[in-house]
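Here's the structure, in structure tokens; my notes come after.
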Amino acid sequence: MATAADQLMSPAALATIATVSNGQQSLLATTALAPSAAAAMAVRNGQEQQELVESQKSTSPKPSPMPSLKLNKMGSVSSKEKRVYKIVLTGGPCGGKTTGQSRLCTFFENLGWKVFRVPETATVLLSGGVKFSDLTEKEAYKFQENLIRTMVQIENTYFELGNSSTRNCLIICDRGVMDASAYISKDKWEKMMAGNKWNPVEMRDNRYNQILHLVSAANGAEDFYSTEDHACRSEGVDLARELDYKSAAAWVGHPYFDVIDNSTNFEAKMNRLIESVCQKVGIDIGDRLQATSRKLKYLVAMLPPDSEFPPFQDFDVVHHYLQSGGPKVQARLRKRGQKSHWSYIHTQRRPNVHGQARIEVKTQLTHRDYMNLLAQRDDAHFTIYKKRRCFLINNQYFQLDIYKEPGHPRCKGLVLLETYSSLTGDALKNCMPKFLNIVKEVTGDPDYSMFNLSLKEDWSTTKKFCRTATHAKGAAYGVANTPLVLNGQ
């Protein structure tokens, strides 16, 4: 009788596994695609991945040791303590890998780190028109072997860039070498390892600093498991659970393997992901990522001189609101960068689902996707321009948004301070930056919603004014009012 792994590898029983990485559709290369799905995948990814790194045999670089990190100033350390930290995000379908990658990227870039995102190798190869249904058993085995070789070389390219960087560097791998073993029979995997003189200690334990398995929504958050928004995802709940278990089992034995389950709501799940990485790296994040932490917003008067700030990182931020699919749905683009190097995010806010308040679906975009989506700009909104200043003080992380022209006159001179904290009363007051002139708290106040601030029409006459804030006034301290951010996979 064939094993479950053998059945998954047979042409008749292969199940499609789809995720989205950096705003692109991705697929585990060990699964078979229907011709129509493969064609759609190839068209999509062919636009983004035009060159394939030539596969070659490579020695796995050793991860750097992990001493306790001492920050001298925002996100920087002495040259002797420069870090290159390599992590793998893995997990079953609909687990939150895409949103998790985006959150990690934003968090560490705000600390001054350089962040590299290694694309899923299967996406690169399958975009060339490969169809598993056309491959013989021998060809499929050889393709899988070459996929791993190519993955190693692509990762090594990013690892070398990290080693040569003058800054601390986080390298996020969208799945890693061992994930392939979850979708191939045990005997074939062992044959492949022996034939290439690979061993699990080098390929699993020494290659990556940390493995983070994001459990599929099909296991513990079934109400949120969905395939309707993803053309290439077709797994039922039972198959998704099986695939989730197999991908976790592939990494058992790694010294720093963390399972991020669905025991909390999705926002808390993402916070636990970031907290896990920060703990391993040695970054003190205070209470920012605790489950009781909530978003707070304050109006700030005139800015003090830069010399009064602790070490900070400044970013240029541009927001465009897009035409949306309904009156209760908000969609926007964000371009964020330093020195003409940009990252791009698409955010969609949807109405309440299962009582967990507003949902935010965040997806990392390529520059090409960003430019294409700009055609959907909503002419009812001004483009929002900001300078975003990020800094740490009193073990609390803050973002200061300084609105810039051009924009609506209501935004002229506007400065808003945001933070996440579980503190209240005097404890919260004592950790606030004393050098800032904080006028009042505006958490949940629709007058300070970016959606409303960007409206071209007068608030007294427009029908577009949104009176439902993400964090309702009077309830801003409740966990239930924390916005739920779903994965953009």
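Here, each number is a calculation from the coordinates, and none is a lab measurement. Not measured: the values here are computed from a predicted model. Neighbour counts run over all protein chains shown; Cβ positions are idealised from the backbone, glycine included.
So the values come out like this:
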quantity: Full-extension gain in nm, ASP447 to GLU418, via 0.36 nm per residue minus C-alpha separation; calculated: 8.9 nm
quantity: Label-point separation in nm, SER164 to LYS429, each point 7 Å along Cα→Cβ; calculated: 5.4
quantity: Estimated FRET transfer efficiency when R0 is 45 angstrom, pair THR462-THR366 (beta carbons, to 0.05); calculated: 0.85
quantity: Among 146-152, 444-450, 209-215, 128-134, the order from most to least packed when residues are scored by Cβ within 10 Å on average; calculated: 209-215, 146-152, 444-450, 128-134
quantity: Contact order relative to length of segment 294-454, as percent, for alpha carbon pairs under 8 angstrom and 6 or more apart; calculated: 31
quantity: Two-site label geometry, ASN394 and GLN279: point separation in nm, points 7 Å out along Cα→Cβ; calculated: 2.6
quantity: Burial ranking of peptide ranges 315-321, 268-274, 119-125, 367-373 (average Cβ count within 10 Å, highest at the top); calculated: 119-125, 268-274, 315-321, 367-373
quantity: Cβ crowding within 10 Å averaged over residues, with 333-344, 86-97 ranked highest first; calculated: 86-97, 333-344
quantity: Separation in nanometres of the label points that stand 7 Å from Cα toward Cβ, at ILE438 and ASP261; calculated: 3.6
